[in-house]
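Okay, so here's the structure we're looking at.
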Amino acid sequence: MHTSRILFFFIFLFSFASVRAQSNNPIGGHFGFKAGGSLTRLNVSGISSSIPKQMLQLHGGVMYRYRYQRFVAQPEVLLTVKGANLQQTQIGTTQRINFPTKYYYVSVPLLLGYIPTEGLTLQAGPEFSYALNAGKTGGPGSNSDVGIVVGAHYDFLDMLDKFSLHVRYVYGLNNVSPEPLATYRNRNLQVSMVYNLYKKKKK
C-alpha cells in the first residue's frame with residue numbers, strides 16, 4: 001500500500017516536467033529547502049519476537065548545493081523519522097499486535113555527486129544521525145546512527161524551474177535496537193521536493 005503511494009507520488013511529479021533538464025551555472029552554490037515522504041523499515045536479526053513492517057513518515061530540512069563543472073558537493077541538515085511498525089504475537093493467542101516505533105533523528109548527509117547529463121545528478125555519501133528519543137518508549141536503543149546514501153537529484157523546467165526532486169536510499173549501518181539480543185538497522189527510502197534559492201537566469 002505504502003509502496004504504491006510512493007510510486008504514484010514519483011510519477012505524479014514527473015508528469016509536470018519536461019524530459020529536458022534545467023541547466024544551472026557550471027560553477028557556484030545555493031541553498032534550498034526540502035520536504036518529502038520516507039518509506040522506512042527495520043532490518044531485524046538475532047533473537048526478537050518482533051516482525052518489522054514498513055511505514056510511511058515525513059522528513060524535511062535544508063541543504064546547500066555547490067557545483068563545479070560536472071561535480072557537486074551537497075551537505076544537508078534534516079529532521080527525519082525512521083523505524084517501523086513492529087508486530088508481536090500476543091501471549092496465549094495467535095493474534096498479532098502492532099507496536100509502531102518512531103525514531104526521531106537529526107540527520108546530516110554529506111553527499112558528492114556527478115552530473116552525467118544536465119539536470120540529473122547521481123549522488124552518494126555518508127549520513128550521520130543523532131536520535132532525539134533514544135532510550136525512550138518506542139525509541140531506538142542507540143543515540144547515533146551512520147548510514148550510506150545513494151540516490152539522484154533531478155531539476156525541473158518551466159513553471160517548476162526552482163524545484164528539484166530527490167530520490168535516495170539510506171542504508172543504516174549501526175545497531176539501534178533497544179532489545180539486548182536483537183539487531184535493528186534502519187532502512188529508508190526517501191522522496192523529496194526541493195525549493196532552490198537561486199536567482200533565475202536573465203534572458
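Here's the list of aspartates and glutamates a cross-link from Lys136 could span, going by alpha-carbon distance under 17 Å and ignoring same-chain residues fewer than 8 apart: Asp145, Glu179. Using the Cβ-Cβ distance between Ala124 and Asn25 with R0 set to 25 Å, the FRET efficiency works out to roughly 0.60. Taken about its Cα centre, the stretch 2-196 carries a charge dipole of roughly 320 debye when the Cβ of each Lys and Arg holds +1 and the Cβ of each Asp and Glu holds -1. With a cut-off of 12 Å on the backbone N, the residues of the stretch 22-56 near the modelled label site 7 Å out from Gln69 along Cα-Cβ are 27. Checked against a 21 Å cut-off, the cross-linked pairs Lys82/Lys162; Lys53/Lys102; Lys34/Lys82 give Cα-Cα distances beyond that limit for Lys82/Lys162.
By other beta-carbon atoms within 10 Å, ranking Met63, Met159 with the fewest at the front produces Met159, Met63. Projecting the Cα atoms of Tyr105, Met159, Gln95 onto the dipole axis of the stretch 85-203, where Lys and Arg carry +1 and Asp and Glu carry -1 at the beta carbon, places Met159 farthest toward the positive end.
None of the figures in this text is laboratory data; all of them are computed from the coordinates on show. Predicted model only: the values in this text are computed from it and were never measured. Cβ coordinates were reconstructed from backbone atoms using ideal geometry, including for glycine residues, and neighbour counts include every protein chain displayed.
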